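So the structure is just underneath, and the comments pick up after that.
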Amino acid sequence: MPAATAARRALLSRCLLSSRPAPAAASSVPSALRRADGARGLLPAILQRFSTAAAAEEPISPPFQVQDKQLLIGGKFVDSASGKTFSTLDPRTGEVIAHVSEGDAEDINRAVSAARKAFDEGPWPRMTAYERSRILLRFADLIEKHNDELAALETWDNGKPYAQAANIEVPMVARLMRYYAGWADKIHGLVVPADGPHHVQVLHEPIGVAGQIIPWNFPLLMFAWKVGPALACGNTVVLKTAEQTPLSALYISKLLHEAGLPDGVINVVSGFGPTAGAALASHMDVDKIAFTGSTDTGKIVLELAARSNLKSVTLELGGKSPFIIMDDADVDHAVELAHFALFFNQGQCCCAGSRTFVHERIYDEFVEKAKARAMKRVVGDPFKNGVEQGPQIDDDQFNKILRYIKYGVESGANLVTGGDRLGDKGYYIQPTIFSDVKDNMKIAQEEIFGPVQSILKFNDLNEVIKRANASQYGLAAGVFTNNLNTANTLTRALRVGTVWVNCFDVFDAAIPFGGYKQSGIGREKGIDSLKNYLQVKAVVTPLKNAAWL
């Protein structure tokens with residue numbers, strides 16, 4: 001058996017170990033649940049009895065060493081210009097996984113220079129579209145070959161369940177690359193008729209050097225969403241990873257070179273937003289910037305792009321998505337789908353169904369069943385089989401979520417279950433549910449980005465449309481109903497970029513994704529994503545003695 005195959009099988013056998021859930025660690029009542037007089041709030045003991053794969057158990061160690069820790073510039077892994085490194089942490093423990101080169105403005109300059117040279121002088125935009133397609137197809141094959149290693153890196157660095165990374169996300173990355181490989185030789189212009197003797201061509205040209213900034217919640221998928229269309233269109237790329245999750249992008253970029261990508265076409269700089277990110281967004285030799293992250297940071301990126309060279313900008317930003325459950329719903333099915341819509345990926349999902357609107361006729365039944373489902377949620381080491389929820393990404397996000405839970409209690413929402421950390425090691429948080437949530441509460445207005453479900457009551461279709469749309473965000477929404485007329489009314493009335501009807505988080509390479517309002521600018525995935533990386537040029541030539549016009 002080849003050594004690589006044996007290593008992958010060993011990884012699978014270790015990561016998919018069956019383990020009995022251990023009892024949750026005892027937890028003191030959080031300060032958010034104490035009354036002003038210092039007495040304990042009325043927190044039933046049952047709320048502490050979560051199904052947990054034991055954050056207290058010794059975490060599984062992936063059976064390989066991290067090799068790729070430098071910056072990728074001009075086809076080579078190199079140290080940062082300053083020589084600085086930063087630590088990337090295991091969210092299961094808070095311990096260091098690796099020390100990664102810390103890029104800053106000088107490294108962005110080096111990466112942009114390499115990308116510019118590759119675009120202006122290199123073979124990538126000059127080779128046939130079919131040749132580019134073949135490289136992307138080989139890349140997809142390599143992604144599948146290294147599925148287990150990529151998934152393990154993603155879980156180790158991010159904390160998401162290994163089964164989710166290995167069985168869903170990495171295969172989706174390969175699918176996306178094949179999708180864009182298919183587009184590479186189908187991007188074409190037009191010949192349009194003019195009101196006179198002129199031959200008019202409309203050319204679709206690569207935009208040039210694309211700067212891309214990806215988030216930490218789905219590092220590999222966001223890599224694919226951005227790099228795939230940029231390369232299919234013939235551009236070169238400078239990609240800045242999130243400082244929390246730099247490892248998988250470095251590894252997968254090495255595979256891209258193994259597939260035959262010329263040097264300098266993709267450059268990866270690990271670093272921080274105020275230094276590397278700001279330098280990329282404001283760089284005068286970058287032709288386009290694409291960013292996924294928070295709305296506040298997206299506004300900064302947009303401003304930097306405008307103040308520099310007015311580069312084209314695509315933004316995929318925050319959300320506070322409504323999930324609307326009508327009174328004709330199968331309550332059990334609705335509970336499970338609403339649970340998935342919110343708690344998937346530890347709640348760290350921009351389109352999470354974080355405002356669960358439930359019709360008053362089924363509200364009480366829904367709340368009780370949602371509570372029961374949350375208390376069955378298996379939380380623990382994401383490398384263990386059967387774990388549904390791993391740790392939050394880092395200490396900052398962990399504490400931010402706990403602050404929002406405190407806000408919810410203080411604002412008068414009813415804490416149904418959860419509300420505290422789980423265990424005393426790592427960034428684990430109990431699945432948390434609030435009922436009796438009002439529209440003016442922080443937990444109903446602001447993006448929590450964690451395992452906190454807010455359940456709101458409504459009694460009228462027009463009322464819930466108005467309330468669902470009363471948000472600064474407009475990324476996505478869910479609708480659960482058996483009435484086709486109700487579904488059609490809601491899908492047209494909701495001011496969002498995606499509406500899922502009787503489903504949620506259905507992503508496909510061909511389905512465009514993006515938001516209304518402060519949830520972003522432009523679309524990713526599908527044919528619309530290609531427009532982000534193309535310039536349109538009109539070429540007009542006089543015709544003499546034309547046989548036809």
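Just so you know, all these numbers are worked out from the coordinates, no wet-lab data involved. What you see is a predicted model; the values in this text were computed from it and never measured. Reconstructed Cβ throughout: ideal geometry from the backbone, glycine too, with neighbour counts over all protein chains shown.
Distance between the pseudo-spin-label points of residue 361 and residue 95 (7 Å out from Cα toward the beta carbon): 5.6 nm. Loop-located trypsin sites (Lys or Arg not before Pro) in the stretch 275-377 (DSSP state other than H, G, I, E, B) with a sparse environment of at most 10 neighbouring Cβ atoms within 10 Å are absent. Set the Cα radius of gyration of the stretch 322-508 against 2.2 N^0.38 Å, with N its number of residues, and you get 0.97. Length gained on full extension, residue 106 to residue 535, computed as 0.36 nm times the residue gap minus the Cα-Cα distance: 151.6 nm.
Close amide-amide hydrogen proximity is noted between residue 198 and 543, each under 5 Å apart and 5 or more residues distant or on a separate chain (H modeled in the peptide plane; Pro and chain starts excluded). Subtracting the Cα-Cα distance of residue 130 and residue 410 from 0.36 nm times their residue separation leaves 94.8 nm of extension gain. Principal-axis analysis of the Cα atoms of the chain puts helix 219-232 at an angle of about 20° to the longest axis. With a simple spin-label model that places each label point 7 Å from the Cα along the Cα-to-Cβ direction, the separation between residue 440 and residue 203 comes to 5.9 nm.
Sequentially through the stretch 80-95, phi angles give Karplus couplings (6.51, -1.76, 1.60; θ = phi - 60°) of 5, 4, 7, x, 6, 10, 9, 8, 9, 10, 7, x, 6, 10, x, 8 Hz, Gly and Pro residues having no value and appearing as x.
Toward the positive end of the charge dipole of the chain, with +1 on the Cβ of Lys and Arg and -1 on the Cβ of Asp and Glu, the farthest Cα among 228, 189, 451 is that of 189. Compared with the dominant Cα axis of the chain, that is its longest principal axis, helix 247-258 is turned about 30°.
Along the Cα→Cβ direction, 7 angstrom out, place labels at residue 462 and residue 483. What is the inter-label distance in nm? In this crude label model, residue 462 to residue 483 measures out at 1.4 nm. Between the beta carbons of residue 144 and residue 195, assuming R0 = 41 Å, the FRET efficiency works out to 0.20 to the nearest 0.05.
Mind checking the stretch 110-211 for trypsin sites (Lys or Arg not before Pro) that DSSP puts in a loop (not H, G, I, E or B) and that have at most 11 other Cβ atoms within 10 Å? Show your work: numbers first, answer last.
Numbers: sites: 110, 116, 117, 126, 132, 134, 138, 145, 175, 178, 186; in loops: 126, 186.
Those satisfying the criteria are 126, 186.
Given only helices, namely DSSP H runs of n ≥ 4 each adding -39500 (n - 2.57), what is the per-residue ellipticity at 222 nm of the chain, to the nearest 500 deg cm²/dmol? Could the numbers behind the result be given before it?
Numbers: 16 runs with 187 residues, N = 549.
Here the helix-only value at 222 nm equals -10500 deg cm²/dmol.
What FRET efficiency do you get for residue 82 and residue 61 if R0 is 30 Å and r is their Cβ-Cβ distance, rounded to the nearest 0.05? E(calc), rounded to 0.05, equals 0.45.
Where both partners of a DSSP beta bridge lie in the chain, what percent of those bridges are antiparallel, to the nearest 5? Don't skip to the answer; put the middle values down first.
Details: 34 of 75 bridges.
Of the beta bridges lying entirely in the chain, close to 45 percent run antiparallel.
Quote the FRET efficiency, to the nearest 0.05, computed for residue 385 versus residue 284 with a Förster distance R0 of 45 Å and r equal to the Cβ-Cβ distance. With a Förster radius of 45 Å, E is 0.35. Amide H contacts under 5 Å for residue 324: 357, 478, 479, 480, restricted to partners 5 or more places along the chain or on a different chain, H placed in the peptide plane at 1.01 Å from N. Distances between placed amide hydrogens fall under 5 Å for residue 264 paired with 74, 75, all partners being 5 or more residues away or on another chain. Partners of residue 117 within straight-line reach, counting lysines whose Cα lies under 19 Å from its Cα and excluding those fewer than 8 residues away in the same chain: 76, 240, 288, 311. Distance from the C-alpha centroid of the stretch 303-344 to that of the stretch 130-183: 23 Å, rounded to the whole angstrom. For a paramagnetic label modelled at 7 Å from the Cα of residue 120 toward its Cβ, which residues of the stretch 285-318 fall within the zone defined by backbone nitrogen distances under 14 Å? Flagged as within label range: 285-287.
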